[in-house]
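First the structure, in the form of structure tokens, and then the observations on it.
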Amino acid sequence: MIVRLVDGQERMLTVSELEALGTWRVRTVSPWEQGQIVLEGPLLRDVLAHVGLGDATHILVRSHDGYAPVIPHEDWRDYPVILATRADGRPLGHRHKGPTRIVYPLLEHPELASPDRHAR
């Protein structure tokens, strides 16, 4: 994962480095899988604090295909949003939108199940 910092510098974070920040498990549903899936990874707030962006008002996340949603600070401050690195205990591959993926805890917090958050 590459993070572009406020000063324009880029920082590469490996999956090992991300997982060293601690991992959370989120059982959720998504439009990309059938049924429930267990995703694991560090809290997004911990990743952002690790790279000095914990107080940012928002972040822009760009996927391999160019999709670039904006995630507001309130999402990672108020909820245990994770940067998933594993699906059902295995490294997150392309089948599960990997190698990393932003995951909202939709089953634990049904109020998050909105079209704008699904898009993030």
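The values are calculated or read from the model by the stated rules, or taken from the named source; none is laboratory data. Small disclaimer: the values here were computed from a predicted structure and weren't measured. Here Cβ is always computed from backbone atoms with ideal geometry, including for glycine, and neighbour counts include all displayed protein chains.
What the table below lists for this structure:
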{"quantity": "Residues that are within 11 Å of the chain's Cα centre (by Cα) and of a type in the set (A, V, I, L, M), drawn from region 65-120", "calculated": "I71, V81, I82, L83, A84, I102, V103"}
{"quantity": "Wholly enclosed strands (runs of 3 or more DSSP E) of region 46-115 bearing at least 1 residues under 18 Å from L13 (Cα atoms) and in contact (Cβ under 8 Å) with a residue 60 or more places away in the chain", "calculated": "82-84, 101-103"}
{"quantity": "Qualifying positions in region 29-40 - in contact (Cβ under 8 Å) with a residue 60 or more places away in the chain, assigned to a strand (DSSP E or B) and surrounded by fewer than 18 Cβ atoms within 10 Å (Cβ to Cβ)", "calculated": "V29, Q36"}
{"quantity": "Complete set of residues in region 13-28 that are in a loop (DSSP other than H, G, I, E, B), modelled with pLDDT under 95 and under 14 Å from V51 (Cα atoms)", "calculated": "L13, T14"}
{"quantity": "Boolean, L43 is modelled with pLDDT of 95 or more, closer than 19 Å to H109 by Cβ and surrounded by 15 or more Cβ atoms within 10 Å (Cβ to Cβ)", "calculated": "yes"}
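Yes/no per residue for (1) within 22 Å of E17 (Cα to Cα); (2) modelled with pLDDT of 85 or more; (3) surrounded by 10 or more Cβ atoms within 10 Å (Cβ to Cβ); (4) not basic (K, R):
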| position | (1), (2), (3), (4) |
| --- | --- |
| A56 | yes, yes, yes, yes |
| H64 | yes, no, no, yes |
| P72 | no, yes, yes, yes |
| D75 | no, yes, yes, yes |
| P80 | yes, yes, yes, yes |
| R90 | yes, yes, yes, no |
| H96 | yes, no, yes, yes |
| R101 | yes, yes, yes, no |
| H118 | no, no, yes, yes |
